[in-house]
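Visitor: Got a structure for you, questions after.
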Amino acid sequence: MKKLLRAGFSIALVTLTLASCSSSDDNNGGGTTDPGTTTPGLKGDILGGELKKGDKLSLEANKTYKLTSKLVVNDGATLNIPEGVKIIGEGGTSAYIAVGQGGKIYVEGKQNNPVVMTGVEKSRGNWGGLVICGKAPINKAETATAEVSDLTYGGKVANDNSGSIKYLRIEYAGANYNAEKEFNGLSLFGVGSGTVIQYVQAHEGSDDGFEWFGGTVSAQYLVSTNNDDDQFDWTEGWSGKENKFWYSKQSGTADKGFEADNNSKNRAANPYSNPTIVGVTLLPAVDGKGTAMKLREGTKGNISDVVIGAYATAFDVEHDETIANVKDGSLILSNVKLINVGKATSGKNTKGDAVDVSKVFTAGEAKGAGNGVGVPEWTKGWTVGL
């Protein structure tokens, strides 16, 4: 502001600039950047636009920002979000945050002061969500275009690094264009193993909580609550190997705990979906209904220390390729504890004939995400709805 005065601007113009910088009624000050400056993606407390190569947008801790359009972090740009930041998306499918190939996002929330991305209203699908596109391998093609954000993803860089996310809560996301094109809470397209994802909750979204489209990224300490479709979903050759402690609690019309695919158009496509996950708890929306894990389209996987609450079916396996993976042990769930589950397994081959898939799991005394069907200790301080 002093620069404006020194430049000889009138008092009226100064007054106007001060008014435009004032905080909105529903935040604690918003951004500190003057709208007259050229900081990409930020105008007062309003977020939107695109960050280009070399751009770095650093938000201010414990401030509230409005996301009124897409905010895209392109190749060579960085978005830094410190603890206590609250981002309120408004505008349905037009309001989302996307990190493109070569871009980086750093979310540095704290256990008792997380970063929150939410909707202007507390209703599912109120805004888009968070999308990250990396350069790690997928099995759809060498590269592809993300179904939301229209950004390119995939490649040959298995250890690609899109940044770091810690202590983030994503609420009321999942705005949809149509039944085939909709946002999730966190969408990971070809994201590489150099990316860190820890302590993230997807809450009350209208589609999936978390979805992986290929890539090699792993994630630890995930919470998926009351999302309208699946709580965790993967496809296109996702193969993260260091996943641990995932907790899911459903409500309402929520679909499955897991929906796991390799590739719907070529079930034998390489690289295979083949994650390793240790420590999973899945709880149904309604006792005695629903499916905990739908395993199909040729997926592989090694999932251990699993606790499943009172679903109608624990494991539903489909298609010849997936059943072959059960038989040769490349799809296995070990140390599984079923609690009041109606039926342990259900299997159908590609023709639709019933098949015995009981070898898909082995029983044990698992603790799941850390506390059996109880809420894990590590969720305290930063989650909601538990």
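The values are calculated or read from the model by the stated rules, or taken from the named source; none is laboratory data. Given the structure is predicted, the values throughout are model-derived calculations rather than measurements. Here the Cβ positions follow ideal geometry from the backbone for every residue, glycine too, while neighbour counts run over all protein chains shown. The area values use the complete protein model at the heavy-atom level, side chains included, leaving out ligands, DNA and RNA. Shrake-Rupley method; radii C 1.70, N 1.55, O 1.52, S 1.80 Å.
Visitor: For region 106-160, which positions are among the polar types (S, T, N, Q) and either part of a loop (DSSP other than H, G, I, E, B) or surrounded by 19 or more Cβ atoms within 10 Å (Cβ to Cβ) (or both)?
Guide: Here is the first cut: in region 106-160, the residues among the polar types (S, T, N, Q) are 111-113, 118, 123, 126, 139, 143, 145, 149, 152, 159.
Result: 111, 112, 118, 123, 126, 139, 143, 149, 159.
Visitor: Now for a different question. Mind checking which residues of region 74-105 are touching a Gly at 6+ places or on another chain (Cβ under 6 Å), open to solvent by 50 Å² or more (accessible area, probe 1.4 Å) and assigned to a strand (DSSP E or B)?
Guide: Across region 74-105, the qualifying residue is only 104.
Visitor: Could you check residue 274 against (1) closer than 20 Å to residue 303 by Cβ; (2) part of a strand (DSSP E or B); (3) more than 12 Å from the chain's Cα centre (by Cα) and say which number it fails?
Guide: That leaves (2) as the condition not met.
Visitor: I would also like to ask the following. Of all residues in region 100-117, which are closer than 21 Å to residue 227 by Cβ and out of contact with any Phe, Trp or Tyr (no Cβ under 6 Å at 6 or more places or on another chain)?
Guide: Answer for region 100-117, where residues must be closer than 21 Å to residue 227 by Cβ and out of contact with any Phe, Trp or Tyr (no Cβ under 6 Å at 6 or more places or on another chain): 107, 115, 116, 117.
Visitor: Name the one entry in 215, 240 that is in a loop (DSSP other than H, G, I, E, B), in contact with a Gly (Cβ under 7 Å, 6 or more places away or on another chain) and open to solvent by less than 30 Å² (accessible area, probe 1.4 Å).
Guide: 215
Visitor: Those residues that are open to solvent by less than 50 Å² (accessible area, probe 1.4 Å) and either part of a loop (DSSP other than H, G, I, E, B) or charged (D, E, K, R) (or both), I need them from region 248-267; list them, please. Walk me through how you get there before you give the answer.
Guide: Here is the first cut: in region 248-267, the residues open to solvent by less than 50 Å² (accessible area, probe 1.4 Å) are 248, 250-251, 254, 256-263.
Selection gives 250, 251, 254, 256, 257, 259, 261, 262, 263.
Visitor: Note down all Cβ pairs under 7 Å where the first residue falls in region 279-303 and is surrounded by fewer than 22 Cβ atoms within 10 Å (Cβ to Cβ), the second is part of a strand (DSSP E or B) and among the basic types (Lys, Arg), and they're at least six residues apart or on different chains.
Guide: Qualifying pairs under 7 Å: none.
Visitor: Then there is this: Quick check on this structure: which one of 42, 51 is touching a strand residue (DSSP E or B) at 6+ places or on another chain (Cβ under 7 Å) and without any contact (Cβ under 8 Å) to a residue 24 or more places away in the chain?
Guide: Matching residue, one of 42, 51: 42.
Visitor: Go through the residues of region 268-290 one by one and say whether even a single one is at pLDDT 95 or above and of a type in the set (Lys, Arg).
Guide: No: region 268-290 contains no residue that is at pLDDT 95 or above and of a type in the set (Lys, Arg).
Visitor: What pairs come out if I take residues in region 342-361 that are open to solvent by 80 Å² or more (accessible area, probe 1.4 Å) and pair them with residues that are among the basic types (Lys, Arg) and in a strand (DSSP E or B) whose C-beta lies under 7 Å away, six or more apart or interchain?
Guide: What qualifies is 354/348.
Visitor: Continuing with the same structure: So residue 385 clears everything in (1) under 30 Å from residue 172 (Cα atoms); (2) in contact with a strand residue (DSSP E or B) (Cβ under 8 Å, 6 or more places away or on another chain); (3) surrounded by 15 or more Cβ atoms within 10 Å (Cβ to Cβ) except one condition, right? Which one?
Guide: (3)
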